[in-house]
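Accompanying notes for the structure given below.
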Amino acid sequence: MAEAPAHDYPTIEPTSFDVVICGTGLPESVLAAACAAAGKTVLHVDPNPFYGSLYSSVPLPSFLSPDPSSVPLSPSGDDSHTVVDLHRRNIYSEVETSGAAPEPSRRFTVDLVGPRVLYCADEAVGLLLRSGGSHHVEFKSVEGGSLLYWEGQLYPVPDSRQAIFNDTATLKLTEKTVLFRFFELVRAHIAAADEDGEGEEASDKISEEDLDLPFVEYLKKHRLPPKLRAVVLYAIAMADYDQDTDCCEKLLTTREGIQTIALYSSSIGRFANAQGAFIYPMYGHGELPQAFCRCAAVKGALYVLRMPISALLMDEERKNFLGARLTSGQDILCQQLILDPSYKVPILDASSDGSDSNLLRKVARGICIISKSVKQDSSNLLIVFPPKSLEEQQIAAIRGLQLSSNLAVCPPGMFMVYLSTPCADTSTGKQLIKKAIDALFAPQASDSLEGHLEETSENNEDLKPTVIWSCVYVQEITEGTSSSLLSCPTPDEHLDYRSILDSSKKLFADIYPNEEFLPKKSAAVYANDDSDSADNFHVPNVNEGIIICLRCAF
């Protein structure tokens with residue numbers, strides 16, 4: 001993979017490709033791997049000196065820094081095409097920081113997509129196995145499980161039969177019985193659906209009428225009290241918006257809720273030594289795009305970093321895109337052009353003004369550095385704030401993710417905490433993130449009180465962790481668009497990549513409807529390895545502080 005020095009651009013040969021992709025975010029990288037596996041010639045460029053674009057993991061000093069790649073366009077001598085200038089836009093706004101990051105600050109790696117995890121059984125893991133990307137990224141388990149914020153306290157989420165029976169402090173006997181019966185009902189339905197009715201009684205399947213009900217109504221029908229409804233809706237089924245209101249932004253049906261519960265349940269115990277349902281990539285989520293880029297490169301894709309696209313090449317009628325003009329001034333022709341969403345295309349924006357409701361979607365995000373875990377003896381864990389748990393006006397769930405140094409994202413003794421919530425109003429979104437931070441952490445002490453605070457904390461295990469540094473900001477959310485020019489989606493408000501990967505698969509099907517998306521045979525062949533086998537997802541003992549590998553042999 002070529003990495004060009006700044007302002008010293010290489011000449012690219014050949015000058016015509018099937019596909020040109022700008023931006024190495026996760027959707028662009030998955031599409032590059034899929035196109036290369038389908039036998040297409042691919043040129044993949046990125047204006048940044050690193051992989052990942054909007055999905056990257058960057059050192060803290062570089063976090064949300066101005067784009068260094070905005071350089072003047074070198075003129076081209078070829079004017080045989082209509083040229084449409086491109087400009088990049090900043091999808092981040094309302095950035096507000098507090099405190100000073102501990103030095104050396106470069107030892108802290110920040111995810112632009114946080115909080116984000118992978119289910120052990122989700123499509124992202126399947127794609128890594130099928131494509132061979134599993135050879136280029138390693139994981140650790142989110143071993144601390146999930147915590148639910150309820151009535152001012154954090155409670156462990158009883159997400160399995162074992163967790164229900166082991167909970168002797170927070171669940172009453174009647175609550176255990178109700179929750180156990182509900183999970184058994186869901187388990188029987190999933191088993192019956194998997195067997196298509198064979199081997200299970202037809203009565204085990206939930207009726208179509210109930211599957212079409214709002215999930216919250218189905219939970220009420222089975223007499224789950226408010227706290228357990230919050231557990232199921234927001235910590236397991238992952239509903240984003242308040243389900244107990246008549247004007248819910250996205251009302252979850254029983255069918256949708258059970259699909260997520262099935263994914264959650266199948267993720268628990270899928271890999272021998274993985275604790276819980278979730279895993280996280282070592283060194284941050286920026287490793288995932290790199291893994292797919294390596295798969296594409298093995299299949300012949302050409303990579304050039306520090307190479308922005310500065311203009312689009314169109315036919316005289318300005319109806320079809322023919323290629324791209326690089327900042328070096330070189331024109332590259334292609335049959336299909338794919339851009340990351342940070343590029344603003346004037347000719348497309350003009351036609352969608354006032355009609356693109358996606359521009360109204362936003363997510364408020366927060367990042368904190370602390371020196372003590374939210375939960376004693378846990379390194380990595382999830383935190384869920386259901387709607388109305390912080391204030392009556394809170395209409396969306398807030399999710400948090402604590403990460404420790406055993407993921408190589410911060411120095412020993414430190415923790416990174418990510419929070420996010422979907423929002424329509426930037427001010428409201430930021431205020432909710434701040435309230436979640438205040439609920440979890442104590443503010444940084446002044447110099448005069450710092451010694452006293454440290455002394456007190458030694459004798460009080462229940463003392464809240466102290467925020468050392470924090471950042472709250474808002475990010476735009478846009479969907480992928482399909483035409484002669486494809487634009488990939490931005491990171492969304494969800495905890496996983498299901499929606500983003502579904503969008504990527506749809507974009508691929510739009511341009512190559514007769515090609516299979518990353519087929520099993522697309523992975524490079526490694527000795528003594530079956531990359532498509534889940535058995536090869538090796539999970540060493542978490543307590544040993546070692547990594548989870550997506551293969552069994554090297």
Keeping every protein chain present and rolling a 1.4 Å probe, give me the accessible area per residue for segment 109-192 in Å².
37 Å²
Give the accessible surface of segment 371-426 per residue, rounded to a whole number of Å², with probe radius 1.4 Å and ligands, DNA and RNA excluded.
32 Å²
If you average the alpha carbon positions of segment 314-338 and of segment 374-408, how far apart do those two centres end up, in angstrom?
45 Å
Using a ≥ b ≥ c from the Cα gyration tensor of segment 135-237 (square roots of the eigenvalues), is it rounded, prolate or oblate, where a/c under 1.5 gives rounded and otherwise the larger of a/b and b/c decides, a/b for prolate?
oblate
Non-local residues with an amide H under 5 Å from the amide H of Trp150, with H modelled 1.01 Å from N and Pro and chain starts lacking one, are Tyr155
List the residues whose amide H sits under 5 Å from the amide H of Leu252, counting only those 5 or more places along or on another chain, with H placed 1.01 Å from N in the peptide plane.
Phe215
Test of understanding: what is the full-extension gain from Ser427 to Asp510, defined as 0.36 nm times their sequence separation minus their Cα-Cα distance?
26.1 nm
Which whole-number percent gives the relative contact order of segment 130-218, counting Cα pairs below 8 Å spaced six or more residues apart?
13 percent
Of the listed links Lys227/Lys372; Lys221/Lys375; Lys176/Lys388; Lys140/Lys372; Lys140/Lys520; Lys172/Lys430, those spanning more than 31 angstrom between alpha carbons are Lys221/Lys375; Lys172/Lys430
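The values are calculated or read from the model by the stated rules, or taken from the named source; none is laboratory data. Here the structure is a predicted model, which is why all the values come from computation and not from measurement. We work out accessible area using only protein heavy atoms, side chains counted, and drop any ligands, DNA or RNA first. Shrake-Rupley method; radii C 1.70, N 1.55, O 1.52, S 1.80 Å.
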